[in-house]
Amino acid sequence: MKRKSTIPSITVKFVALAALVILWTQMPTIISGAVSLGLLWGIMVLGVFITYRVLDIADLTVEGTITFGASIAAQMITSGQSPALATAAAFGGGLLAGLVTGILHTKLRIPALLSGILTLTGLYSINLRVMGRPNMPLLPFKVSSVFTPLNDALEPLSRTFPELAKKGYLSGLSSVIVGVGCLIVIGILLYWFFGTEIGSAVRATGNNPNMIRAQGVNTSVMIILGLMISNGLVGFAGALIAQYQTFSDINMGQGSIVIGLASLIIGEVLFGTRSFRNTLISVILGAVTYRVIIALVIKFGLNANDLKLFVAATVTFALTLPQMQTYARTVIKSLKRPRKAGEPNA
Amino acid sequence: MLDAKDVVKIFNHGTINEKTALRGVSLHLKEGEFVSVIGGNGAGKSTLLSAIAGVYGVDSGNISIDDRDVTRLPEHRRAKYIGRVFQDPMMGTAANMEIEENLALAARRGQLRGLKWGVTASERAEYRDKLRRLDLGLENRLTSKVGLLSGGQRQALTLLMATLRKPKLLLLDEHTAALDPKTAAKVLELSEELIHENNLTTMMVTHNMRDAIAHGDRLIMMYDGKIIIDVEGETKRNLTAKQLLDKFEELSGSSEADGNLLLG
Ligand SMILES: Nc1ncnc2c1ncn2[C@@H]1O[C@H](COP(=O)(O)OP(=O)(O)O)[C@@H](O)[C@H]1O
Ligand SMILES: [Mg+2]
């Protein structure tokens with residue numbers, strides 16, 4: 001989990017922030033949209049972080065869980081429930097999905113990757129059942145979302161500054177606030193949980209299951225717990241994303257694991273992994289960075305149909321970045337080091 | 001303390017790779033007894049320790065610790081009785097976690113874990129004291145990742161972890177074999193200290209006959225899944241390598257002993 005970064009991560013954060021502000025002044029609507037999406041998907045990326053990094057499991061359940069959360073929220077909101085309750089229910093749905101994958105993996109001894117695929121396949125049908133159709137719009141119903149109260153509260157702002165509002169500088173404010181608020185609360189909760197006795201045991205399970213079993217911990221239970229928390233967050237993110245984009249779609253989870261990994265790795269590489277807290281922040285920043293990059297490449301003419309290929313290539317690149325860094329470092333080191341007499345050329 | 005009766009362990013039962021690793025091993029350990037275990041490669045030493053620790057179930061026989069039958073208890077539920085150090089220095093610690101986190105995990109061996117903070121300030125002070133005794137400079141590196149430590153440091157730490165909460169039974173499986181001779185001697189000395197200080201019932205597997213003779217108040221030798229030599233008291237104290245080899249040849253009808261690493 002720890003990698004040494006040659007550039008202090010605070011400098012990188014500052015440069016990234018400056019770049020973001022400059023971009024935002026140039027194209028406010030696009031950037032604020034990307035940041036909003038990045039923040040909301042960032043909640044999912046925290047879930048992916050828990051499985052991929054903490055538990056050391058590539059959990060594909062995510063692809064089904066994000067839609068599951070979105071579907072639950074869409075169904076409940078359109079049938080008149082409060083958006084907050086719907087979002088909480090989506091979190092609960094995610095917990096259940098994680099539980100199923102966890103049981104398949106630990107109790108029925110199905111490999112983790114396959115367990116995730118089984119749950120996600122099953123969830124496809126369940127999601128269709130929940131929504132009753134493949135696509136469920138929220139907008140035509142004139143229903144509220146978790147963003148509505150904030151939007152209303154921010155209304156006077158755009159009336160006071162109509163010029164700014166017209167240029168798009170005020171757009172996406174409510175979703176950014178909700179996103180940041182959720183991430184702060186979730187981040188603090190995760191930091192706390194993984195510092196507790198149980199949380200430490202979950203981390204140790206991902207790191208060295210033999211060791212922690214010898215310390216009397218039931219690793220199956222820890223894996224199930226980790227998968228539940230992870231998928232709970234993903235379901236929660238799905239609900240927020242559905243409300244933000246004002247629809248839930250049966251295919252909206254497709255490719256989400258790749259988005260998650262891309263964000264995770266971009267975050268780790270750019271912003272560092274010095275400590276657990278630092279890594280949590282990096283991962284969230286990675287999610288935002290990812291969305292901004294995607295928004296820019298589309299803005300500068302990438303065909304939306306080619307997006308998935310672009311993303312796959314980016315992730316491949318990002319996954320190999322650490323190795324390339326190490327390689328570059330050893331090359332630099334060997335160049336710097338004066339060669340001793342008689343030593344053969346490297 | 002430990003009571004193993006007719007323990008049989010067969011790997012890959014019913015396949016062409018079937019291998020009987022333990023052929024009815026019976027062993028009784030008294031409270032506070034320190035037994036060294038020797039035997040050639042594949043004699044079943046590790047299998048015996050793993051069977052006692054519950055890493056896998058046994059095919060027949062019974063194991064009890066402190067009069068409690070643990071034969072069917074899974075590994076994590078036996079852990080409260082057992083402290084372990086493995087041959088591989090990587091096995092016993094979580095590399096990505098800090099020294100103090102590893103110690104705190106071990107301090108809660110067999111306890112119910114809750115939502116209290118994982119490492120408390122008071123235990124941190126205790127760990128610092130205990131690490132200082134190791135004399136490896138670890139007392140100032142409580143928040144270093146264990147992955148940054150050398151093999152010897154990791155084994156010393158694992159040993160400390162295994163004894164932090166006093167185990168009913170300490171199982172050491174060739175825990176110095178992967179270390180350089182100097183470090184190995186130091187870790188062995190530390191083991192001896194901790195065992196005596198806490199009066200720990202111990203099984204120590206070693207590949208080195210001299211170590212086996214020099215340490216412990218009882219010595220058992222395994223061969224082909226059985227215990228073939230078991231000496232204690234006066235006999236053990238006066239034992240020489242030559243006697244042990246002769247006895248081994250006589251009992252096993254084989255002269256592979258010297259060739260098969262016994263002299264270490
Ligand atoms: N997990 C396993 N699966 C199959 N065979 C095993 C396994 N563990 C040990 N064995 C076999 O059991 C025998 C005893 O092994 P072991 O207890 O490791 O010997 P020792 O520790 O005395 O060198 C060996 O023949 C070994 O190949
Ligand atoms: Mg062995």
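Per this entry, residue B:223 is not counted among residues that are away from ligand 2 (no atom under 16 Å from the Cβ), among the aromatic types (Phe, Trp, Tyr) and more than 14 Å from chain A (Cβ to nearest Cβ). Screening residue B:52 against (1) within 9 Å of ligand 1 (Cβ to nearest atom); (2) within 19 Å of the chain's Cα centre (by Cα); (3) not in a strand (DSSP E or B) leaves a single unmet condition, (1). Comparison of A:259, A:229, A:224, A:266 shows that the only residue that is within 24 Å of residue A:174 (Cα to Cα) and part of a helix (DSSP H, G or I) is A:259. Kindly evaluate residue A:329 against the criterion of being of a type outside the set (S, T, N, Q), closer than 17 Å to residue A:187 by Cβ and in contact (Cβ under 8 Å) with a residue 60 or more places away in the chain. Against the criterion (of a type outside the set (S, T, N, Q), closer than 17 Å to residue A:187 by Cβ and in contact (Cβ under 8 Å) with a residue 60 or more places away in the chain), residue A:329 does not qualify.
Return yes or no: is residue A:187 within 14 Å of another protein chain (Cβ to nearest Cβ), part of a helix (DSSP H, G or I) and of a type in the set (Gly, Ala, Ser)? Against the criterion (within 14 Å of another protein chain (Cβ to nearest Cβ), part of a helix (DSSP H, G or I) and of a type in the set (Gly, Ala, Ser)), residue A:187 does not qualify. Quick check on my filter: what residues within the stretch B:70-95 are within 16 Å of ligand 2 (Cβ to nearest atom) and either among the acidic types (Asp, Glu) or under 15 Å from residue A:218 (Cα atoms) (or both)? Of everything in the stretch B:70-95, just one residue is within 16 Å of ligand 2 (Cβ to nearest atom) and either among the acidic types (Asp, Glu) or under 15 Å from residue A:218 (Cα atoms) (or both), namely B:88.
The single condition among (1) assigned to a helix (DSSP H, G or I); (2) among the hydroxyl-bearing types (Ser, Thr, Tyr); (3) under 18 Å from residue A:213 (Cα atoms) that residue B:93 does not satisfy is (1).
Of the residues B:66, B:129, the single one that is more than 16 Å from ligand 2 (Cβ to nearest atom), within 21 Å of the chain's Cα centre (by Cα) and farther than 27 Å from residue B:12 by Cα is B:66.
If you go through the stretch B:36-49 and pick out every residue that is more than 14 Å from chain A (Cβ to nearest Cβ) and either more than 15 Å from ligand 1 (Cβ to nearest atom) or of a type in the set (Gly, Ala, Ser) (or both), you end up with 6.
The number of residues in the stretch B:22-45 that are away from ligand 2 (no atom under 16 Å from the Cβ), under 15 Å from the mean Cα position of the chain (by Cα) and among the aliphatic types (A, V, I, L, M) comes to 1. Right, residue B:70: of a type in the set (A, V, I, L, M, F, W, C), at negative phi and within 12 Å of another protein chain (Cβ to nearest Cβ) or not? For residue B:70, the condition - of a type in the set (A, V, I, L, M, F, W, C), at negative phi and within 12 Å of another protein chain (Cβ to nearest Cβ) - is not met. Screening the candidates B:62, B:41, B:17 for the property of being polar (S, T, N, Q), over 16 Å from residue B:203 (Cβ atoms) and touching a Ser or Thr at 6+ places or on another chain (Cβ under 9 Å) yields one hit, B:62.
If you go through the stretch A:267-288 and pick out every residue that is at pLDDT below 95 and within 23 Å of residue A:32 (Cα to Cα), you end up with 4. If you filter the stretch A:210-251 down to residues that are of a type in the set (Ser, Thr, Tyr) and within 14 Å of chain B (Cβ to nearest Cβ), you find that the one that is farthest from residue B:78 (Cα to Cα) is A:220. Of all residues in the stretch B:28-47, those satisfying the criterion of being more than 22 Å from residue B:194 (Cβ to Cβ) and out of contact with any helix residue (DSSP H, G or I) (no Cβ under 7 Å at 6 or more places or on another chain) are B:28, B:40, B:41, B:42, B:43, B:44, B:47. Among all positions in the stretch B:210-219, there is at least one residue which is at pLDDT below 95, part of a helix (DSSP H, G or I), more than 16 Å from ligand 2 (Cβ to nearest atom) and buried (at least 16 other Cβ atoms within 10 Å of the Cβ). Of the numbered criteria (1) away from ligand 2 (no atom under 16 Å from the Cβ); (2) in contact (Cβ under 8 Å) with a residue 24 or more places away in the chain; (3) small (Gly, Ala, Ser), the one residue B:14 fails is (2).
The values are calculated or read from the model by the stated rules, or taken from the named source; none is laboratory data. Bear in mind the structure is a predicted one, so any value in this text is a computation, not a measurement. We place every Cβ from the backbone using ideal geometry, glycine too, and count neighbours over all the protein chains shown.
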